[in-house]
Structure formats: C-alpha cells, structure tokens
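Peer 1: Take this structure, written in structure tokens, and hold onto it; I'll ask about it next.
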Amino acid sequence: MAGDKTKPIYYEVDPIRDGRSFTTRRIVARQDGKAIFNMAASFQLEQEGYDHQIEMLNVPPPESLISYSELIETLAVKYKLDPKKIVPEDRPIDIRPVERIDPFNPGQRPPFRHVWFKAKEPLPSIKQIHSYVLAYASDFNLLLTALLPHNARLYQGKLRLASLDHAMWFHRNFKADDWLLYALDSPSASNARGFCRGSIFSRDGNLVASVAQEGLIRLVKPKH
C-alpha cells in the first residue's frame, strides 16, 4: 500500500533477538491503521575477520560530469517542458550520471549504469546519520536500470514503476556527504518485474554497501 507523506506514520517495533554481537528487529509502519511498510533490520558490532571485495570500475570523476538536475534542465529546453513537471521535488542528493541517458529517447542499452552521488549539504559526524542518508539515496536509479534494454521512455504515461522490496547490506565505513559511486546492473526482467543490484564504492575504491531490489514494471494499456 502506498503511503501519504501528509499523514502521520506509526511504527511498531518487534525486538526479535538481542545477541552478544547481533541484534534483530522487525518494524511495521502503519498509516490509517493499515501497514504500508515492513522492514527486517540486523545490527552487528564491528569485528575482525577475513576481508576482500570486488574492484571498482575506473570511470570519469564526478567533477567532470554534469548533475542530474542540470541534465533535466537541458532536456526541458530540448523538449520544451517545465523541469518541475519532470522532477517535481528538489532532491537533497547531488546525482551525477556517468552514462548520459535521455529518458525521453534512451535507445536500447545493456542493463548497466554508473552514478556518482552524495548529500548536497554537510552531515554531522554521526555514523548512523550517514547510513540513513545512504539507505535513502540507494533507491534512486536502481529500478531504472532494468529499463535500459527496452528503449522504455519515462514521463510519457505508459509505465508504472514501484519498488516491491529493497535489501541493503553495509560493509565498510563511509561518509554520505563525500562522493560515492553506484555501480548498477539488472540481471533479469520478467512477469512485469525487474530485478536490480547495486554496489556502492567510496571514492578511494572501498566497497561500502551492496543493494538488491525487485520492482514493478508495468506497461499501462490505453483506455478505450
């Protein structure tokens, strides 16, 4: 069920487990008495152990790229549109795509993309706040990767997109107000669903988090 940002949300927290190094919680968010969000969260103390990771791809630095908002401004002029009708809200995340893709005429591409991003404003030096911001930002661009092989045009009323589930694992320390690289791919799309994955790297190449999401991708049939 979709939420309404104008109404209060009530959270029910179930303390599933409290161990010596791991803690588990189940959270249900309710609005108007109905569940709109369900979350399972696992927390762990920092511990020593084996350490390896995949390598970050060598891509152009963020300073050499235009921001997503600048790209939207350019496309708005090209297609004679109001930018606020394309992206109605000012996002608190600075997003700079490596591959410049026109959402109105994307063509057919392999299901891979790379995006630099960070918080627009400096954040307090509290680790949890950086985790909150990263979890929020990790939803941007993920499901869109599943559209790349299909020449799917956004903002034309023919697609309905919605996140069905979202999983995230934090691996290493990071700062969400420093540049992070989001390496995205979509192994599969079928049955009106797209499956996408993301690896998030710090600028110095550390893999700081991994993400997986399945989302609804439904073609809207015209009404007769």
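Peer 1: Just give me a number: lysine pairs in the chain, eight or more positions apart or cross-chain, with C-alpha atoms less than 17 Å apart.
Peer 2: Pairs that pass both the separation and distance tests number 9.
Peer 1: Next up: Can you figure out the FRET efficiency of Leu45 with Leu123, using R₀ = 25 Å and their beta-carbon distance, to the nearest 0.05? Numbers along the way, then the final one.
Peer 2: Working: r = 23 Å, r/R0 = 0.92.
The formula returns an efficiency of 0.60 here.
Peer 1: Relative contact order of the stretch 1-44: what whole-number percent is it, with Cα pairs under 8 angstrom and at least 6 residues apart?
Peer 2: Working: 74 pairs, mean separation 15.8, N = 44.
For the stretch 1-44, the relative contact order is 36 percent.
Peer 1: Test of understanding: what is the full-extension gain from Arg26 to Arg100, defined as 0.36 nm times their sequence separation minus their Cα-Cα distance? It would help to have the intermediate numbers written out before the result.
Peer 2: On the way: separation 74, 0.36 × 74 = 26.64 nm, distance 3.91 nm.
Gain on stretching Arg26 to Arg100: 22.7 nm.
Peer 1: Under 12 Å from the Cβ of Pro8, count the other residues' Cβ atoms, weight Lys and Arg +1, Asp and Glu -1, and hand me the total.
Peer 2: +1
Peer 1: Extent of the stretch 65-123 along each principal axis, from alpha carbon coordinates, in Å, largest to smallest?
Peer 2: Here the spans come out as 37, 29, 16 Å, largest first.
Peer 1: Tell me, what is the percent relative contact order of the stretch 138-224, built from C-alpha pairs under 8 Å that lie six or more residues apart? Walk me through the numbers before you get to the answer.
Peer 2: Details: 162 pairs, mean separation 32.7, N = 87.
The value is 38 percent.
Peer 1: Give the percent of DSSP beta bridges with both residues in the stretch 94-219 that are antiparallel, rounded to the nearest 5.
Peer 2: Values: 39 of 39 bridges.
Counting DSSP beta bridges with both partners in the stretch 94-219, the antiparallel share is about 100 percent.
Peer 1: May I ask you to derive the relative contact order of the chain, considering only C-alpha pairs under 8 Å and at least 6 residues apart, and to give it as an integer percent? Walk me through the numbers on the way to the answer.
Peer 2: Details: 389 pairs, mean separation 35.3, N = 224.
In percent, rounded to a whole number, it is 16.
Peer 1: I would also like to ask the following. Fewest Cβ neighbours within 10 Å first, please rank Asp82, Asp4, Asp102 accordingly. All intermediate terms of the calculation are to be shown ahead of the outcome.
Peer 2: Working: Asp82 8, Asp4 11, Asp102 14.
The most exposed by this proxy come first: Asp82, Asp4, Asp102.
Peer 1: Of the listed values [x] 51, 48, 31; [y] 45, 34, 31; [z] 58, 46, 34, grab the one calculated as Cα extents along the principal axes in Å from the structure here.
Peer 2: [z]
Peer 1: Considering every Cα-Cα pair within the stretch 92-224, what fraction, in whole percent, is farther apart than 18 Å?
Peer 2: Numbers: 4836 of 8778 pairs.
I get 55 percent for the Cα pairs in the stretch 92-224 exceeding 18 Å.
Peer 1: Hey, fewest Cβ within 10 Å first, where do Trp116, Trp179, Trp169 land in order? Provide the component values of the computation, followed by the final result.
Peer 2: Values: Trp116 23, Trp179 16, Trp169 9.
Least crowded to most crowded, the residues run Trp169, Trp179, Trp116.
Peer 1: Given a Förster distance of 22 Å, report the FRET efficiency between Lys34 and Ser163 from their Cβ-Cβ distance, rounded to the nearest 0.05. Present the calculation step by step, with values, prior to reporting the outcome.
Peer 2: On the way: r = 18 Å, r/R0 = 0.81.
The pair Lys34/Ser163 has a calculated efficiency of 0.80.
Peer 1: Report the local net charge at Lys118: Lys and Arg +1, Asp and Glu -1, summed over other residues whose C-beta lies under 15 Å from its C-beta. All intermediate terms of the calculation are to be shown ahead of the outcome.
Peer 2: On the way: positive: Arg91, Arg96, Lys120, Lys175, Arg203; negative: Glu63, Asp94, Glu121, Asp177, Asp178, Asp204.
Counting the neighbours of Lys118, the net charge comes to -1.
Peer 1: Go ahead and run the numbers for FRET between Glu70 and Ile16, Cβ-Cβ distance against an R0 of 35 Å, rounding to 0.05. Working shown, then result.
Peer 2: Details: r = 45 Å, r/R0 = 1.28.
That gives a FRET efficiency of 0.20.
Peer 1: OK, next. Tell me, Leu147, Leu123 in order of fewest to most beta-carbon neighbours within 10 Å?
Peer 2: Leu123, Leu147
Peer 1: Next question. Given a cut-off of 26 Å, what percent of all Cα-Cα pairs of the stretch 1-124 lie beyond it?
Peer 2: Working: 4231 of 7626 pairs.
For the stretch 1-124, the fraction of Cα-Cα distances above 26 Å is 55 percent.
Peer 1: Would you mind checking the radius of gyration and Dmax of the stretch 1-44 based on alpha-carbon positions, in Å?
Peer 2: 12.7, 40
FYI, it's all coordinate maths here, none of it is from the lab. Values in this document were obtained by computation on a predicted structure and should not be read as measured data. Virtual Cβ from ideal backbone geometry, glycine too; neighbours counted across all protein chains shown.
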